[in-house]
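Laboratory data are not the source of any read-out in this text; all were calculated from the coordinates shown. Please read these numbers as outputs of a predicted model, since none were measured by experiment. All Cβ positions, even for glycine, are placed from backbone atoms using ideal geometry, and neighbour counts span all protein chains on display.
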Amino acid sequence: MKSYKICLIEGDGIGHEVIPAARLVLEATGVRLEFVEAQAGWETFERTGTSVPEATLETIKHTDATLFGAATSPTRKVPGFFGAIRYLRRKLDLFANVRPAKHHPVPGSRPRVDLVVVRENTEGLYVEQERSYLDGEIAIADTVITRRASARIGEYAARLAASRPRKQLHVAHKANVLPVTQGLFMNTVLAEAAKFPEVKTQDIIIDNCAMQLVRNPERFDVIVTTNLFGDILSDLTAGLVGGLGIAASGNIGKEHAVFEPVHGSAPDIAGKGIANPTAAILSAAMMLEYLGESTAAQRIERAVDQVLAEGPRTPDLGGSATTLEFAQAVAKAL
Ligand code: NAD
Ligand code: MN
């Protein structure tokens, strides 16, 4: 039997609660996993002066995959601080941020939704190049789009669409207003997608895409878009199927991959033991799929849906279960 080394990073806030819960479920699958814990995030920055210590980077590089909880980012500028997850995405070149949204048996989840947002993960407005002039009266941020990054995310998304039953790809953009940057992205992705003739590809303007997603989410399959649009759109699609408590994601590169819930550190509920661990557990399932353990991944997904349907549920879904009780129920359902 194959065995895998997994880097676990709790991070901040509810990361300390949902990652141990996901670990418990991973251990119940019977897949041979060796866990190595590492530190990153705001608390790590406060303790050590860096949000991603060198040792953490080394651990990620020398394990087969990483499961990350969440990291806090202050909205004010803090000297020396950088966002841990954004740093890892760029440093390890995790160019594809894959964010599925699929119907789950929970209140408010829209029926027949089964889509994936593929977010370009390394450039756009997230190059974090901001400056201000005239004593802060004017602020400017750069956005960077390259043909190389657009081509590889386009290829990734088209290949993903080709592997899915409906084989449909939307390229969401704002090339009508920003023909240089967004136009480069759109045209490059369309050219890559054309290499997959079985995939039905069309472009869609991002604001219209948001409206169509709210009205007819079931008509979408794979949506590929630039970094900021993908960040926002994937919270919207999470909202279509039950909210941030259940939205999973993977940051995938050629050599490394970091899986994480879409949600953040949720300071409003952190430390209470009531965070929904589903997003972290489904991210762990995506990680097993990535490692080639599809059967175990599907077993987790089925067990999660069974517990979501029958209970116990966490408070965000109207229940009163704790994080640990939910995870234990999933482990039992496995
Ligand atoms: P958030 O995702 O932390 O929380 C948004 C809302 O959803 C809150 O009301 C929270 O209680 C709820 N929520 C989120 N996850 C939940 C869960 N698993 N179970 C139940 N309820 C859940 O987003 P925010 O409040 O905008 O940001 C808080 C902090 O997290 C900020 O510092 C932000 O920078 C950071 N953040 C980090 C990431 C990441 O690590 N990838 C992503 C988003 C936000
Ligand atoms: Mn986000």
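Give me the compactness ratio for the chain, meaning the Cα radius of gyration over 2.2 N^0.38 Å.
Compactness ratio reported: 0.97.
Within the chain, count lysine pairs with alpha carbon atoms under 25 angstrom apart where the residues are 8 or more positions apart or belong to different chains.
21
Is it possible to state the helix-based mean residue ellipticity at 222 nm for the chain, with each DSSP H run of 4+ residues giving -39500 (n - 2.57), the sum divided by total residues, to the nearest 500 deg cm²/dmol? What is it?
-12000 deg cm²/dmol
For region 195-270 and region 282-328, what is the separation of their C-alpha centers, rounded to whole Å?
Cα centroid to Cα centroid, the span is 19 Å.
Taking H as built 1.01 Å from N, whose amide H comes closer than 5 Å to the amide H of K174, not counting residues under 5 places away?
HN-HN under 5 Å from K174: I206.
May I ask you to compute the full-extension gain from V177 to R159, defined as 0.36 nm times their residue separation minus their alpha-carbon distance, rounded to one decimal in nm?
That works out to 3.6 nm of additional length.
Counting other beta carbons within 10 Å of each Cβ, put E43, E54 in order, fewest first.
Fewest-to-most ranking of E43, E54: E54, E43.
Please order E137, E155 by the number of other Cβ within 10 Å, starting at the fewest.
Ascending Cβ contact count within 10 Å gives the list E137, E155.
In whole Å, largest first, what are the principal axis extents of the Cα atoms in region 110-240?
54, 33, 23
With equal scatterers on the alpha carbons only and no solvent term, can you work out the Debye log10 of I(q)/I(0) for region 12-149 at 0.13, 0.18 1/Å?
-0.80, -1.28
Antiparallel as a % of all DSSP beta bridges within the chain, to the nearest 5?
Antiparallel bridges make up about 40 percent of those DSSP assigns within the chain.
Using Cβ counts within 10 Å as a stand-in for footprinting exposure, how do K174, K254, K5 rank, fewest first?
K254, K5, K174
Can you pull the one-decimal nm distance between simple spin-label points at T295 and K91, each 7 Å off the Cα toward Cβ?
Rounded to a tenth, the inter-label distance reads 3.7 nm.
I want the antiparallel fraction of DSSP beta bridges within region 110-240, as a percent rounded to 5.
25 percent
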